[in-house]
Amino acid sequence: MRKSECSVLDHTSQRGIEKGAGAVSDSGVTPGGVEDDLPESMTIVAWSGDLDKLWPTLILGSTGAAYGMNTTIFFTFWGLFPLVRDDVRITGTNAMTKALAGMNRPGMSHMKLSKLNMGGAGAWMMKKLARDQKVAHPKELVEMCTELGVKLWPCEMSMELLGIRPDQLIDGVGEPVGAATALSEMNKSNINLFI
């Protein structure tokens, strides 16, 4: 990512900017130089719990919110696992759902790369590169998203399917919602992404 593309994140990570701080000025241009034709809303479906898919999801979500967009991220299936608190080792209600959590450990600190994970070395290298380039870690991005008012919606059906309880989720996550609620939000959104 080029430095100019990260300017919103750089500013929001300082925690001094509130929701809508990237909104259009009287001149019709945002501080980053973006014209006033920004969409009003964005919905992202996060279906993967892989580090290299969740990272852009959270970057886009936080950037959209920083520019004043009404932003929603709907976490479903494997996309729920990063929302589980790191101290929760096993989720699930029966042998099968517990086995799934055992094979794919939940938690933001335990995300793998979708390709070239190499037993965790790939994820470690990606995190180091991001740290060296001053790209916010997914945990920081979730904090930014909650501070900027991004709606983080876990999928109710996927939670039931995988045996994940609401009390096992990180702070800042909204109440579980169903597919109909997510589709209703997507219907109102100018941008819909499936990552």
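Here is how the numbers come out for the structure above:
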{"read-out": "Out-of-range pairs (alpha-carbon distance over 22 Å; input Lys139/Lys188; Lys112/Lys139; Lys127/Lys151; Lys112/Lys151; Lys53/Lys127)", "value": "Lys139/Lys188; Lys127/Lys151; Lys112/Lys151"}
{"read-out": "Gain upon complete extension [Ser109, Gln133; 0.36 nm per residue less C-alpha separation]", "value": "6.7 nm"}
{"read-out": "Euclidean distance between Cα centres, region 129-195 to region 74-119, Å", "value": "15 Å"}
{"read-out": "Local net charge near Val177, Cβ-Cβ under 15 Å (Lys/Arg +1, Asp/Glu -1)", "value": "-2"}
{"read-out": "By average C-beta atoms within 10 angstrom, highest first, the peptides 65-74, 134-143", "value": "65-74, 134-143"}
{"read-out": "Rounded to the nearest 20 debye, dipole of region 40-194 from Cβ charges on Lys, Arg, Asp, Glu", "value": "580 debye"}
{"read-out": "Translational diffusion coefficient (Stokes-Einstein; Kirkwood radius from C-alpha pairs) of region 40-194 at 10 °C, 1.306 mPa s, in µm²/s", "value": "101 µm²/s"}
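Bear in mind that the values in this text are calculations on the coordinates, not laboratory data. All of these numbers come straight from a predicted model, not from anything done at the bench. Every residue, glycine among them, receives a Cβ derived from its backbone with ideal geometry; neighbour counts consider all protein chains shown.
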